[in-house]
1. Against the definition (among the charged types (D, E, K, R) and under 21 Å from the mean Cα position of the chain (by Cα)), how does K238 come out, yes or no?
2. In region 215-238, is there at least one residue being basic (K, R) and in a strand (DSSP E or B)?
3. Give the number of residues within region 132-173 that are in a helix (DSSP H, G or I), of a type in the set (D, E, K, R), over 21 Å from Q214 (Cα atoms) and at pLDDT 95 or above.
4. With the checklist (1) assigned to a helix (DSSP H, G or I); (2) within 22 Å of the chain's Cα centre (by Cα) in hand, flag the one item F248 doesn't pass.
5. Which residue pairs have Cβ atoms closer than 6 Å, lie 6 or more positions apart in sequence or on different chains, and pair a first residue in region 283-307 that is farther than 26 Å from P322 by Cβ with a second residue that is open to solvent by less than 30 Å² (accessible area, probe 1.4 Å) and assigned to a helix (DSSP H, G or I)?
6. Out of F248, F223, I need the residue that is under 19 Å from T43 (Cα atoms) and buried (at least 19 other Cβ atoms within 10 Å of the Cβ). Which one?
7. Where residues in region 168-195 are without any contact (Cβ under 8 Å) to a residue 60 or more places away in the chain and either touching a Ser or Thr at 6+ places or on another chain (Cβ under 9 Å) or aromatic (F, W, Y) (or both), which of them is surrounded by the most Cβ atoms within 10 Å (Cβ to Cβ)?
8. Yes or no: region 71-80 includes at least one residue that is under 13 Å from the mean Cα position of the chain (by Cα), assigned to a helix (DSSP H, G or I) and without any contact (Cβ under 8 Å) to a residue 40 or more places away in the chain.
Amino acid sequence: MKFLMINKRRAMLSVSLGLLLSCSAIQASVAETFRMSTLGPGTSPYMVMTTFATTINKNIPEYSIVVNATGAATKHQLDTAKGKTDFYMSSPIIVHLMKNQEAMYKKIKDAKSLSENLRAVLNFPMGFYHGTVYESSGITNLEGIKGKRVFAGPPGGASRRTVEQMIQAVTGYEPGEDYTSVKLGWDSAAQAFQDGNLDVYFNPTNAPSPVISQIALTNKIRFIGIPEEDIANNEAVKNLIKRPGYQFYKLKVGTYGENQLNTEDVYTLGVTVGIGTHKDVPDEMIYRMTKTFWENLEEQYETSPWLRNISLKTVFDDLNMPLHPGAEKYYREIGILN
């Protein structure tokens, strides 16, 4: 009987120890989770940042990045500065606005001090604003949007502000007076355009955009933008690229195949964006993530050719906030930063 009791105790001890070790193993295997906010599907930032997250999740199992693709970058930046989000789509213009407590940050009393918490991981070309219309709409230029339903970007976002300023500079039109600036998110706007519930759909993206390419497969489309003479002679248009991160781009004839009906290249605005974080994210973690992203990027070119637009040559373009020390360590290590 005594022998049975001892064996029973040993068995119970063995089970308890096994459970303890099992729990420890499970706890050790749980990845540290980080939050990333970006623009909606179909935009260049969404594609680049989900690639960043996927690359990290695949190659560094102890880290896990969860992507949120709703809302506006201006709100994402504020959340990141407050430490509520770990990564966001940065942009030189919204960094500038927050530093100077302007536009959507005007009423936020601590905007300037919060902006000091922001750090950069890398910058990349977001692409340019595709002002897309169906041929059946009869719209052939920006003047033709009068009285129409236009998606310029989500409410409160920098893209909406940019498109509305571009329209105003070229035509003098004001949203709510001369056209309806529809309040939708990125994903719902793409669907609304495909369903015929929008007349004009603006999407800031590299070309060819997967979303617009899909539309052009079965629909005749046209792109509208800035007249070439305005770039040379219109002061309001010239002022558009005096803001941080903006340039003029050409959307070339034939980019979207035979259903793109433009017979001449279309001038429009392009912008630099990036992946931003905050100062309290550990240096070694950002170093490993930055290194892992760049070392695994090229192998994805074949399946995702648009990633060729992302290059170490542009990583510092239009940068107007400090690099995170972890990212800085990697760029010094590979010799592109002295």
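1. When the stated conditions are applied, K238 does not pass them.
2. Yes, because at least one residue in region 215-238 is basic (K, R) and in a strand (DSSP E or B).
3. 2
4. With (1) assigned to a helix (DSSP H, G or I); (2) within 22 Å of the chain's Cα centre (by Cα) applied to F248, the lone miss is (1).
5. These pairs meet every condition: Q300/L307; Y301/L307.
6. Exactly one residue qualifies, and that residue is F223.
7. Out of the qualifying residues, it is Y179.
8. Checked against the condition, which is being under 13 Å from the mean Cα position of the chain (by Cα), assigned to a helix (DSSP H, G or I) and without any contact (Cβ under 8 Å) to a residue 40 or more places away in the chain, region 71-80 yields at least one hit.
The values are calculated or read from the model by the stated rules, or taken from the named source; none is laboratory data. Given the structure is predicted, the values throughout are model-derived calculations rather than measurements. For neighbour counting, all protein chains shown are included, and Cβ atoms are generated from backbone atoms with ideal geometry for every residue, glycine included. Just the protein is used for accessible areas: all its heavy atoms, side chains included, with ligands, DNA and RNA removed. Shrake-Rupley method; radii C 1.70, N 1.55, O 1.52, S 1.80 Å.
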